[in-house]
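Have a look at the structure below, then the notes.
The values are calculated or read from the model by the stated rules, or taken from the named source; none is laboratory data. All values derive from a computational prediction rather than experimental measurement. No Cβ is skipped: glycine too gets one built from the backbone with ideal geometry, and neighbour counts run over all protein chains shown.
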Amino acid sequence: MDKQQKSASSNSVLDKLSNAIGLKLTLGLFFVSALMVLLVSVVVNIHVNHYVKMITESTQNHLKAVAQAAALFVSAEELDRYHTVEDSKNQSYHDLKMRLVQFAKEYNVLYVSYLRQYNQDNFQYIVDNDFNQDTVVGPGTILPIEDIARSALAGNVTATDLGSYNESWNGLIAGFAPVYDKDGNFYCVADVDISDKVILDQRRYSLTMTILQILALSVSVLFGILNMLLYRSKARQIEEAHIKLQYFNNNMRQAFSTYLSEDVVEEIVSDPARLQLGGVNRHMTALFSDIKGFTGIAEMLTPNHLVDLLNHYLSTMSDIILEQKGTIDKYQGDSIVSFFGAPLELDDHALRACTAGIMMKRIENDVNKYVLERGISPSPLLTRIGVNTGEMVVGNMGTQKKMNYTIISNAVNLASRLEGVNKTYGTWMLAADSTIQETKGKLLTRRLDCVRVVGINEAVRIHEIMELKADATDALFEQIYLFHKAMDLFEARNWKDAQTAFEQVLKLYPNDGPSKHFIERCRQYQEFPPPADWDGSFNITEK
């Protein structure tokens, strides 16, 4: 074989070896690329599933909040008017449907309906916001009870599991909440439906990524690069969303931790839909407290002692308010302004406010022992408290640069005035009749006058809050019984016998401020009787 042949043969071997190495390298790169695609697909799918979970929880929270709003939007008494198709021919039924149409628009839901239980397995339809003749349902129509709705029958607020999506309904899901009558008895179920195509699309995307995992070993490096870009884009979006959410939660915690209890803050952070920013009307209870004669106490203290005194007093009293899930509005020197029922709605806000006041009076002994032993205060700290329940506007108010989460209304003003009315009657804690009516007989109270306070023309019945009934002594029950007998005589204009009855109370309980007040009133009315048309109310002329 000559040199030329040997050279050609050598080149041929080198070419074959080079081709073999190139093929193995190509195959190796192919499988490495495919493996990368597989790993990327898995990571992306994990993030997508997490993203779907976040949207799912947010949507379910929205549904629950709207279902609760729907349960309060229409009363059980109004719904009880409609049982048959004939009932739907009334103008009131049409008006109700139009109200539900507006409700659905305001809360961004497709349908809102009400269903009463017919038997163990079926609902009886009442009304909804649907005017489509092809799908409209008449009152009295029997419908099967879905499993998720059974929880609402037991008094729970629920939302459907997103696994029950129906593509023909564009991903329709539902929330349910119980509706109660005015006596607190379960009447029916409120049902709201929403179409969230975003979640359905994300589920489809998750399924697509699963398929990509199966095909990953056969795709090219280019496909792997494209998936890497997709992953980076999705990861960036999720990271940005997480950062914004964390920033929002941290700022919310910081903003509310100074005037909300820690458990309330955590509930708001976990479900921001509970917090309605801006001014909203809400039925709530306000509590105002103030230290008797604090100006004189402050004048006798050095600035350092005054700060120590206020810090200890306000911290102790505020902790009690927060334990009862109250919200601290503001501190005005030694005064505390607080409210119950916002940002979280509380069914028992009146009882919680009164309980907080009782606990504040109970802890006074401990507070005074602390400040007197350390010489922080020259005299005991005695707290006067005013409580009132009613319609209030609550929200962030002020300017762009300075806002305060606060309450305003005549009901708030009355609570403030009642704190000062304690001076007139020698009492420590007064509440309006509206508050007492909502505490469901759990408080031991005694009724006093109907009064008109400064700035409010309407006369209101006031009560002194004495103690929780469960903790009251027999002596306290006896004191109130005797006082109410005297009040009956007073309100019957039997001034002489009423004076004698109040004096009897005072003999048994020498420090009873209201008895002293009414004895003086009886003496005054015996000498200068009120006019015949007197409505029994008493005008308070000072704040």
Inset, instruction - For the stretch 60-95, enumerate the residues that are more than 19 Å from PRO178 (Cα to Cα) and either in a helix (DSSP H, G or I) or of a type in the set (Asp, Glu) (or both). - result: VAL85, GLU86, ASP87, SER88, LYS89, GLN91, SER92, TYR93, HIS94, ASP95
Inset, instruction - Take the residues in the stretch 270-321 that are of a type in the set (Lys, Arg) and at pLDDT 90 or above, then tell me which one is nearest to ASN61 (Cα to Cα). - result: ARG282
Inset, instruction - Please specify each residue of the stretch 97-135 satisfying the condition of being assigned to a loop (DSSP other than H, G, I, E, B), surrounded by fewer than 15 Cβ atoms within 10 Å (Cβ to Cβ) and either aromatic (Phe, Trp, Tyr) or in contact with a strand residue (DSSP E or B) (Cβ under 8 Å, 6 or more places away or on another chain) (or both). - result: ASN108, ASP121, PHE131
Legend entry - Positions within the stretch 476-533 being charged (D, E, K, R) and closer than 19 Å to LYS423 by Cβ, in sequence order: ASP512, LYS516, GLU520, ARG521
Legend entry - Restricting the stretch 79-111 to residues that are without any contact (Cβ under 8 Å) to a residue 12 or more places away in the chain and within 27 Å of the chain's Cα centre (by Cα), the residue that is farthest from ASN132 (Cα to Cα): GLU106
Legend entry - Residue in the stretch 490-499 that is aromatic (Phe, Trp, Tyr), closer than 21 Å to GLU464 by Cβ and in contact with a Leu (Cβ under 9 Å, 6 or more places away or on another chain) present: no
Inset, instruction - Please go through the stretch 62-92 and pick out each residue that is surrounded by fewer than 16 Cβ atoms within 10 Å (Cβ to Cβ) and not polar (S, T, N, Q). - result: LEU72, GLU77, GLU78, ASP80, ARG81, HIS83, VAL85, GLU86, LYS89
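Which one of these is assigned by TED's automatic domain parsing to the domain that holds LYS292, within 28 Å of the chain's Cα centre (by Cα) and without any contact (Cβ under 8 Å) to a residue 24 or more places away in the chain: GLY386, GLY357, GLY341, GLY398? If you could, list the steps in order and put the result at the bottom.
Working: GLY386 fails: without any contact (Cβ under 8 Å) to a residue 24 or more places away in the chain; GLY357 fails: without any contact (Cβ under 8 Å) to a residue 24 or more places away in the chain; GLY341 fails: without any contact (Cβ under 8 Å) to a residue 24 or more places away in the chain.
That would be GLY398, the only listed residue that is assigned by TED's automatic domain parsing to the domain that holds LYS292, within 28 Å of the chain's Cα centre (by Cα) and without any contact (Cβ under 8 Å) to a residue 24 or more places away in the chain.
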